[in-house]
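Mind having a look at this structure? Questions to follow.
Derivation of every value follows stated rules applied to the coordinates shown; laboratory data play no part. In this text the structure is predicted, and so the values were computed from the model without any measurement. Cβ placement follows ideal geometry from the backbone for every residue including glycine, while neighbour counts extend to all protein chains displayed.
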Amino acid sequence: SIEEIGAKGGGIARVPVDLPGTLIWLLDISPDGSNALIGSSDSGNPINSLWNVRILGGAFKRLGEGDTGSFSNDGESVIYATHEGDIYTVRGDGTETHKLTGGLAAFRPRMSPDGKTIRFERGGLLWEMNSDGSKVHPLFQNWQIAGLQCCGRWSPDGSFYLFLIIGSPSAGVQM
């Protein structure tokens with residue numbers, strides 16, 4: 001189940017989410033806190049669905065088939081990666097789906113706050129491309145630290161990109 005707790009602590013409350021599928025998981029919360037990006041699947045089915053769910057009221061809209069994703073900085077759209085690693089954008093109401101690029105084996109895409117750059121994971125490394133899907137390249141050309149680059153997030157103003165290094169003796173947060 002998905003649960004919430006106040007930013008200043010307090011009790012834990014279950015967020016009722018009545019979506020199709022036997023498994024559900026939280027992927028992201030919109031910047032204004034009003035919507036949740038949720039994935040769902042049926043046990044044994046490799047195709048997952050993405051949903052935009054109103055936190056208060058529980059109304060939901062199916063966005064597409066994807067494994068990972070996140071809200072844009074304005075909360076009006078979602079960027080996501082499919083099971084095949086293709087990257088798409090879609091409006092929060094499920095309209096205007098647009099394929100940016102295919103065949104990248106991309107995972108966990110994130111749009112920069114200014115909407116110009118997308119960063120994602122691919123093969124244990126961080127990659128970057130323009131928001132139109134062009135100029136795909138590794139984020140760090142001469143990276144020297146062992147370990148998997150994972151789980152990146154932009155600072156709200158876009159001046160920093162924080163990520164984890166997993167499986168390295170010097171693992172930690174890198175900027």
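Take a quick pass over the chain and tell me how many lysine pairs come in under 23 angstrom between Cα atoms, counting only ones 8 or more apart or on separate chains. Display every interim value, and only then the final one.
Working: LYS61/LYS99; LYS99/LYS116; LYS99/LYS135; LYS116/LYS135.
So the count of such lysine pairs works out to 4.
Return the ratio Rg/(2.2 N^0.38 Å) for the range 73-145, where Rg is computed over Cα atoms only.
Details: Rg = 12.3 Å, N = 73, 2.2 N^0.38 = 11.2 Å.
Compactness ratio reported: 1.09.
Magnitude of the Cβ-charge dipole of the chain, K/R +1 and D/E -1, about the Cα centre, nearest 20 debye? Intermediate values should be presented prior to the final figure.
Numbers: 14 positive and 19 negative charges, 54 e Å.
Computed about the Cα centre, the dipole is about 260 debye.
Applying the Karplus parametrisation 6.51 cos²θ - 1.76 cosθ + 1.60 with θ = phi - 60° to the phi angles of the range 69-75, what ³J(HN,Hα) value in whole Hz is obtained for each residue in order, glycine and proline being reported as x?
Karplus values, whole Hz, x for Gly and Pro: x, 7, 6, 6, 4, 8, x.
Related question: Calculate, in whole percent, how much of the Cα-Cα pair population of the chain lies beyond 30 Å.
Across the chain, Cα pairs with separations above 30 Å total 19 percent.
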